[in-house]
Amino acid sequence: MTEAARAAAAAGFADLPLDTDGVPHGQPVLDRLVALLDLERIEENIFRGVSPAESPVRVFGGQVAGQALVAAGRTVPPERRVHSLHSYFIRGGDPTVPIVYEVDRIRDGRSFTTRRVVAVQHGKAIFALSASFQLDEEGMDHFEPMPSVPPPDSLPTYAESAAGYLEKVGMARLPRPIDIRYVTEPPWRAREDGPGEARSQVWMRADGKLPDDDMLHVCVLAYASDMTLLDSVLVRHGVYWGTDKLLGASLDHAMWFHRRFRADEWFLYDCESPSASGARGLATGRFYAQDGRLVATVVQEGLLRLMR
């Protein structure tokens, strides 16, 4: 692994800036995320990544998706930009050991390039991703308008929204590389009012400045896309992690990237859930830049078991 990734993996909370709730945030935390996305190439089509020292019991889904996309992108000419990805979470990842990413160069066409990536730990696949890249082309252009919502600077910070709830609902105190501002009621507060509309809206941005690397911005967005998407399912049923006997995990995840953007500028993540059944919840999300452009679309199905 790179020296930056080694340092990011080994670093603890010491000397990191703390939010008002005592959780690390800001540029140093974002720099650690960028370092974790800087995979080590150990063979022509094989890469290795690590997890941060402070991790949940399983590797965060957005992390393995972002790292897998980095691995795919490093086998593709830079003038070809990723336009879609489709992925499956196969097993829970172990954050204490490295993840090996094996890239299969499926096709290199005149306009499109296709890659398949399998993430491996302990000799078994934990995640599989297919991604398609395309040369820029001119064509038809339209998008659905962004919903009318308050601007991000007028909304409480994540720390302010979570005040009094961190211990109450078992919310993690993991470092926050992404600045999140809830437009709709946060799910841990909405739970107190019972079932509601199956919708979640948040403003997001990388909590600091990112390098001018289009692929990195896409990978950071992929990382962030797994953070609040299933909120739209939870609020519909008035439940939340840590408070209710709820077992959850991402099952599959798909994204389409429509237009260029910067992940360190505000974007609205507008999510809703059209269905939940069979202990699974489906959620769709749209990312809008602050100027109203639709930049990406997301669909995910998650495992959501209410334990009795």
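The values are calculated or read from the model by the stated rules, or taken from the named source; none is laboratory data. Predicted, not measured: the structure shown is a model, and the values here were computed from it. Every residue, glycine as well, gets a Cβ built from its backbone with ideal geometry; the counts of neighbours run over all protein chains shown. Ligands, DNA and RNA are excluded from the accessible area calculation, which covers all protein heavy atoms including side chains. Shrake-Rupley method; radii C 1.70, N 1.55, O 1.52, S 1.80 Å.
Label sites at Glu192 and Arg259, each approximated as a point 7 angstrom past Cα along Cα to Cβ, lie 3.8 nm apart.
Along each principal axis, taking the top coordinate minus the bottom one, the Cα set of segment 206-301 gives 43, 23, 22 Å in descending order. Summary of the geometry: segment 31-75 and segment 114-152, compared by the centres of their Cα atoms, lie 16 Å apart.
Normalise the Debye intensity by I(0) for segment 1-149, one equal point scatterer per Cα, no solvent, then take log10 at q = 0.09, 0.17 Å⁻¹ and round to two decimals. Values returned for q = 0.09, 0.17 Å⁻¹ are -0.35, -0.99.
Compactness ratio for segment 145-217: Cα radius of gyration over 2.2 N^0.38 Å (N = residue count) comes to 1.29. Computed over segment 111-158, the P(r) tail beyond 11 angstrom holds 81 percent of alpha carbon pairs.
Average accessible surface for segment 126-237: 47 Å² per residue, computed with a 1.4 Å probe over protein heavy atoms with every protein chain in place.
Taking the helices alone, the chain has a mean residue ellipticity at 222 nm of -5500 deg cm²/dmol, built from -39,500 (n - 2.57) per DSSP H run of at least 4 residues and averaged over all its residues. Only protein atoms count toward the accessible area here, which uses a 1.4 Å probe; on segment 151-226, the carbon and sulfur part of that area reaches 47 percent. With θ taken as phi - 60° and the Karplus curve 6.51 cos²θ - 1.76 cosθ + 1.60 applied, the whole-hertz 3J(HN,Hα) list for segment 67-72 is 5, 4, 5, 4, 4, 4 Hz, x standing for glycine and proline.
Over all pairs of distinct alpha carbons, what does the Kirkwood formula give as the hydrodynamic radius of segment 45-112, in Å?
Working: mean 1/r = 0.0746 Å⁻¹.
Hydrodynamic radius (Kirkwood, Cα pairs) of segment 45-112 is 13.4 Å.
Shape descriptor for the chain: Rg over Rh equals 0.94 (Cα atoms; Rh from the Kirkwood inverse mean 1/r).
Determine the equivalent ellipsoid of segment 133-289 by diagonalising the alpha-carbon gyration tensor, then write out the semi-axes as square roots of 5 times the eigenvalues, largest first, rounded to whole Å. Before the final figure, lay out each step's value.
Details: eigenvalues 149, 71, 46 Å².
The equivalent ellipsoid of segment 133-289 has semi-axes of 27, 19, 15 Å.
Shown in residue order for segment 120-129 are the 3J(HN,Hα) couplings computed by the Karplus curve 6.51 cos²θ - 1.76 cosθ + 1.60 at θ = phi - 60°: 10, 9, 6, x, 10, 6, 10, 7, 9, 9 Hz (x for Gly and Pro).
Sequentially through segment 216-228, phi angles give Karplus couplings (6.51, -1.76, 1.60; θ = phi - 60°) of 5, 5, 5, 5, 5, 5, 4, 4, 5, 5, 8, 7, 10 Hz, Gly and Pro residues having no value and appearing as x.
Amide H to amide H, with H built 1.01 Å from N, Ile178 comes under 5 Å of Asp207, counting only residues 5 or more places away or on other chains. Between Pro152, Pro211, Pro186, the residue with the greatest mean-square fluctuation in the GNM of the chain (Cα pairs under 10 Å linked by springs) is Pro211.
With a cut-off of 12 Å between beta carbons, the residues surrounding Cys271 carry a summed charge of -2, where Lys and Arg count +1 and Asp and Glu -1.
Close amide H contacts of Val295 (hydrogens built in the peptide plane, cut-off under 5 Å, sequence separation of 5 or more or a different chain): Phe287, Tyr288, Ala289. Please compute the contact order of the chain in relative form: average sequence separation of alpha-carbon pairs under 8 Å and at least six residues apart, divided by the residue count, as a percent. Across the chain, relative contact order equals 17 percent.
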